[in-house]
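K.L.:
What follows is a single structure, and I will ask about it in a moment.
The values are calculated or read from the model by the stated rules, or taken from the named source; none is laboratory data. Model, not experiment: these values are computed from the prediction. Cβ atoms come from the backbone with ideal geometry, glycine included; neighbour counts cover every protein chain shown.
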Amino acid sequence: MGSLAAVPSSRASFHEEKTIAALTRPVQDSGTLDYVRPAHLEKHTLTPVEEDLVVDGERLTITRPAAHSVQTLNLEEQPEIRALVDTIRGTLAGDLGLLRRLYQVTLAGSQAAWRLTLVPTDGRLQRFLRVVWIDGAGASLRAIDTVQVNGDRTRMTIDPS
């Protein structure tokens with residue numbers, strides 16, 4: 001966590017695969033991720049449909065250029081979304097205290113290859129999220145796996161730039 005806390009900003013590309021019970025095939029997308037300490041996170045999906053998610057402090061802005069759509073949410077009014085955002089920002093910031101407020105946290109492995117296992121203890125999260133696994137190497141995240149209570153899964157593979 002100390003190594004993560006020392007990184008002021010990062011940029012990476014990602015590939016995400018979502019397995020949803022209601023669909024016959026996984027949904028795949030890819031793009032870039034940007035993080036600037038302490039609370040700025042951007043996910044730019046480039047394919048198959050362009051979409052930008054920008055979290056700046058307590059504000060989440062979702063932009064869908066093809067639909068000419070911009071939506072802004074206050075994370076304080078969206079506790080479930082905020083908890084998911086805090087999962088990523090807390091990990092990137094090396095903020096173990098934040099993660100422990102939401103999850104039972106287990107860290108395994110070595111500096112060269114580690115896995116953070118997050119099991120929700122927060123009641124709001126427990127209603128829809130079963131577990132999050134975050135794999136990394138040194139101060140870089142390499143993969144984020146989430147399993148929802150309904151069995152849907154998402155795996156984001158991260159390639160640091």
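K.L.:
Could you tell me whether any residue of region 10-23 is out of contact with any strand residue (DSSP E or B) (no Cβ under 7 Å at 6 or more places or on another chain), hydroxyl-bearing (Ser, Thr, Tyr) and touching a residue at least 40 places away in the same chain (Cβ under 8 Å)? So that I can check it myself, show each step before the final result.
P.N.:
Residues of region 10-23 that are out of contact with any strand residue (DSSP E or B) (no Cβ under 7 Å at 6 or more places or on another chain), as a first pass: 21-23.
Narrowing the set further to residues that are hydroxyl-bearing (Ser, Thr, Tyr) leaves none.
No.
K.L.:
Something else: Across region 64-112, what is the total count of residues that are crowded, with 19+ Cβ neighbours inside 10 Å and not hydrophobic (A, V, I, L, M, F, W, C)?
P.N.:
Final tally of qualifying residues: 7.
K.L.:
For a quick check of your reading of the model, give me the residue pairs whose first member lies in region 88-116 and is without any contact (Cβ under 8 Å) to a residue 12 or more places away in the chain, whose second is of a type in the set (Lys, Arg), with beta-carbon atoms closer than 7 Å and at least 6 apart or on different chains.
P.N.:
What qualifies is ALA108/ARG115; GLY109/ARG115.
K.L.:
Mind listing whichever residues of region 12-63 are loosely packed, with under 14 Cβ neighbours inside 10 Å and in a loop (DSSP other than H, G, I, E, B)?
P.N.:
Result: ALA21, ALA22, LEU23, THR24, ARG25, PRO26, PRO38, PRO48, VAL49, GLY57.
K.L.:
Restricting attention to region 18-25, does a residue exist that is closer than 15 Å to ARG155 by Cα, at pLDDT 95 or above and in contact with a Ser or Thr (Cβ under 8 Å, 6 or more places away or on another chain)?
P.N.:
Taking every residue of region 18-25 in turn, at least one turns out to be closer than 15 Å to ARG155 by Cα, at pLDDT 95 or above and in contact with a Ser or Thr (Cβ under 8 Å, 6 or more places away or on another chain).
K.L.:
State yes or no: is VAL85 over 16 Å from ALA5 (Cα atoms) and either modelled with pLDDT of 95 or more or not polar (S, T, N, Q) (or both)?
P.N.:
On the way: over 16 Å from ALA5 (Cα atoms): yes; either modelled with pLDDT of 95 or more or not polar (S, T, N, Q) (or both): yes.
Criteria met by VAL85.
K.L.:
Kindly state which strands (runs of 3 or more DSSP E) lie completely within region 67-161 and contain at least 3 residues that are within 18 Å of PHE14 (Cβ to Cβ).
P.N.:
It comes to 129-137, 140-148, 153-160.
K.L.:
Of all residues in region 113-132, count the ones that are within 20 Å of ILE20 (Cβ to Cβ), surrounded by fewer than 17 Cβ atoms within 10 Å (Cβ to Cβ) and within 16 Å of the chain's Cα centre (by Cα).
P.N.:
Residues that pass the stated criteria total 3.
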